[in-house]
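Heads up: the structure comes next, in structure tokens.
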Amino acid sequence: MTSEQLFYDKKPAFDRAGAQAVSAYAEGYKAFLDRAKTERDAVKEMSARAERAGFVPYRRGQALKPGDRIYQVNRAKGITLAVIGEKSLAEGVHLTAAHLDAPRIDIRTLPLYETENMAFFKTHYYGGIKKYQWTAIPLELRGVVCVCENGEIRKVEVSIGADPSEPKLVITDLLPHLASEQMQKKMTEGIKGEGLNVLVGSRPAEDQDEKSPVKLAVMRWLNEKYGMKEADFLSAELSCVPAFNACDIGLDRSFIGGYGHDDRCCSYPAATALMELEGTPSHTCVCLLVDKEEIGSDGVTGMQSRHFDTFMGDLCRGQGVLLDECFENSVCLSADVCNAFDPNYPDVSEKRNDGRVNCGFALVKYTGSRGKSGTSEATAELMARIRNIFDQAGVAWQTGQLGKVDQGGGGTVAMFLANRNIDTVDAGVPVLSMHAPFEVISKLDLYMAFRGFGAFYRA
Ligand code: MN
Ligand code: MN
């Protein structure tokens, strides 16, 4: 046999998909990114798309038949979509699991203060960020405030800065002229967590003898716009996210730059591939989009929540099937991004194994760190099964990993599914500048993820 027959070569897969289809898919994705900057936004967007694709909200006890399309929202921060298959749930489901949350700057519980005639919000960063990347960029404010008044609770949606006509917010950085001391510091210490204060105003209220006139003016503005008082911050979820939209990158437009590719470049194709599934699949197909991955998957909306088990338990009960039996025969693509080999930082990567841009959907056998700690690791048998599905469907795929051994590491939701006795493997899109306010992926890899999820659902 020749080397071509015997060797596995990771190479760009431009010959595997039409440029037209690849770029058309990217357009829909970019529009989704711009609207879905928080998990709440993403859930709203996904619910609307699901409804348009014939999915209906699932009610416990609802009778279901093959071909039925259902979805369920978990506390406005997660969503599960399902298409009922021909086979019994006892034969398992084909499950994809991705996350909708992304690193960002959360507004503190009691955030608003005034100093030196300027008003700021105190913050607490969410997820693993390089703090200096979040200064001196325009930020939007998004989220909800649950206003309490006269025994009534009113939920108000907040979005400031998305529209070009609206103001933005910012975390200031130090000018280089006065930064010689800062520049000597380690990058982890150049900007401190308590230094991530968001500038929100400077025009004072005209009240005589008021000690915090700028804070008062900001609070009045918030009160007029949202009917909120300072105590309502306590029952709010407000976040600062980058105030720029997704765009093409590269003179050849082969990349997409934007906020939140991790993990929208997996959750979007996992969901849209299910929505575009034609006919009735053999196995029931489920797409699970969760919150809280970036901070450990804990809580009611994270992957460790029993919400997923309850939903699946409801479906199983409808067919008289044991949930444990369904899980035992299920297979899951844990859909999360991996790092893309970056020629500007070759030292941390292992060239042969790390994902590469344009080489397709990346299959990751294990994540974790320090001797594979904190990973579920897919079995050889499962890897073969998934590889085979992709090959049969003509999906360009590659291997992915998270850098050199002992260089660092990370995890995904995979282990939380595997711990439920579901055969699980990580698969995702390679990302450049992961967790930065502006991340980069290749359009081709995004499209191959979409094709890969589709093939997996149909298998
Ligand atoms: Mn992720
Ligand atoms: Mn992440």
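Read-outs throughout are calculated quantities, based only on the coordinates presented, and are distinct from any laboratory measurement. Note that the structure is a prediction, hence the values are computed from the model and not measured. When we count neighbours, we look across all protein chains shown, and the Cβ atoms used for this are built from the backbone with ideal geometry, even at glycine.
Between VAL156 and VAL145, CYS146, VAL147, the built amide H atoms are under 5 Å apart, and every one of these is 5 or more places off in sequence or on another chain. Ordering ASP391, ASP336 by the number of other Cβ atoms within 10 Å of each residue's own Cβ, fewest first, gives ASP391, ASP336.
By other beta-carbon atoms within 10 Å, ranking MET219, MET448 with the fewest at the front produces MET219, MET448. Pull up the cross-link candidates among the lysines for LYS168, meaning alpha carbon to alpha carbon under 18 Å and not fewer than 8 places away within one chain. Qualifying lysines at Cα under 18 Å: LYS37, LYS122, LYS215, LYS225. Between the alpha-carbon centres of the range 17-65 and the range 321-369 there is a gap of 23 Å.
Rounded to the nearest 20, the Cβ-based charge dipole of the chain about its Cα centre (Lys and Arg +1, Asp and Glu -1) stands at 400 debye. With the cut-off at under 16 Å, measuring from each backbone N in the range 272-289 to a point 7 Å along the Cα-to-Cβ line of LYS65 picks out 279-281. Computed from the C-beta positions of THR109 and GLU51, the FRET efficiency with R₀ = 30 Å rounds to 0.30. Dipole size of the range 29-103 about its Cα centre, with +1 on Lys/Arg Cβ and -1 on Asp/Glu Cβ: approximately 240 debye, rounded to the nearest 20. Here's how it looks for VAL364: its modeled amide H is under 5 Å from those of GLY400, ASP426, ALA427, GLY428, which are all 5 or more places away or on a different chain. Gain on full extension, evaluated as 0.36 nm per residue between GLU325 and GLN184 minus their Cα-Cα distance, stands at 44.9 nm. Label-to-label distance, GLU27 versus ASP209, with points set 7 angstrom from Cα along the beta-carbon direction: 6.4 nm. Applying 1/(1 + (r/R0)^6) with R0 = 25 Å to the Cβ-Cβ distance of ASN223 and THR135 gives a FRET efficiency near 0.30. Residue order for ARG142, ARG154, ARG108, fewest other beta carbons within 10 angstrom first, comes to ARG154, ARG108, ARG142.
Here the sum of -39500 (n - 2.57) over DSSP H runs of 4 or more residues, divided by the residues of the chain, equals -8000 deg cm²/dmol at 222 nm, to the nearest 500. Over what distance in Å are the Cα centres of the range 279-317 and the range 112-169 separated? When both Cα centres are located, 30 Å separates them.
Among HIS283, GLY428, THR172, which residue has its Cα positioned farthest towards the positive end of the charge dipole of the chain, with +1 placed on the Cβ of Lys and Arg, -1 on the Cβ of Asp and Glu, and the dipole taken about the Cα centre? Result: HIS283. Each residue of the range 292-299 is assigned a 3J(HN,Hα), and the resulting list reads 6, 4, 5, 10, x, 6, 7, x Hz, derived from the Karplus form 6.51 cos²θ - 1.76 cosθ + 1.60 (θ = phi - 60°), x at Gly and Pro. Only Lys, Arg, Asp and Glu carry charge here, each on its Cβ (+1 for the first two, -1 for the last two); on that basis the range 66-169 has a dipole of about 300 debye about its Cα centre. Here the simple spin-label model places points 7 Å from the Cα toward Cβ, and for VAL348 and ARG35 these points are separated by 3.4 nm.
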